[in-house]
Amino acid sequence: MLGRIATLLRGGPEAEPQQKHERVQVATCCLLLEVAHADKELHDLEEQTIRDLLAHQFDLDDEMISELIDYARGELDASLDLYQFTREINAHFSVEEKYEVMESVWRIIYADGILNRYENALARQIITLLRLDQRKAIDLKVKILDENR
């Protein structure tokens, strides 16, 4: 899988459907990892939440999730911003799917029970980059917060 993933984010519009799907997986994983690291600490619960969300969203087994996370970490290290990742999501996800990504972002933020200013700023940036309605995105935040009480 890593051999195929190596060219994913560099693939053009003529990429095969499987490559497009894998690029979206990488982009989504990168966003989730960035959110998990926003407070400079990766809690075990945050990492498990990412794994659970990826398994649910993309129907991946543990080995594929581990490879995806390892590859996404490298992509994040090499990236300058989140635009390249949100561009992939915007290009291939429906509005409903983008709200699912945003819900995942809030789940990771609240996995440790605390919203700090860095996480909040990053969440707002992602809302903007995914071109989501601010009110609906905040409604998702409240939903996740209520579930964690």
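Values in this text are rule-based calculations from the coordinates and carry no lab data. Remember, predicted model here, so these are calculated numbers, not experimental data. Cβ coordinates were reconstructed from backbone atoms using ideal geometry, including for glycine residues, and neighbour counts include every protein chain displayed.
Report every pair of residues separated by at least 6 positions or lying on different chains whose Cβ atoms are under 6 Å apart, first residue within the range 122-134 and touching a residue at least 60 places away in the same chain (Cβ under 8 Å), second surrounded by 13 or more Cβ atoms within 10 Å (Cβ to Cβ) and not β-branched (Val, Ile, Thr). Correct list of pairs: 122/38. The condition (being touching a Phe, Trp or Tyr at 6+ places or on another chain (Cβ under 8 Å), surrounded by 12 or more Cβ atoms within 10 Å (Cβ to Cβ) and outside any helix (DSSP H, G or I)) is satisfied by just one residue among 145, 132: 132. Please tell me if residue 137 is under 14 Å from residue 32 (Cα atoms) and touching a helix residue (DSSP H, G or I) at 6+ places or on another chain (Cβ under 8 Å). When the stated conditions are applied, residue 137 does not pass them. On the given criteria, is residue 138 crowded, with 17+ Cβ neighbours inside 10 Å and either within 16 Å of residue 31 (Cβ to Cβ) or of a type in the set (A, V, I, L, M, F, W, C) (or both)? Criteria not met by residue 138.
Only one entry of 121, 78 meets the criterion of being surrounded by fewer than 17 Cβ atoms within 10 Å (Cβ to Cβ) and within 21 Å of residue 20 (Cα to Cα), and that entry is 78.
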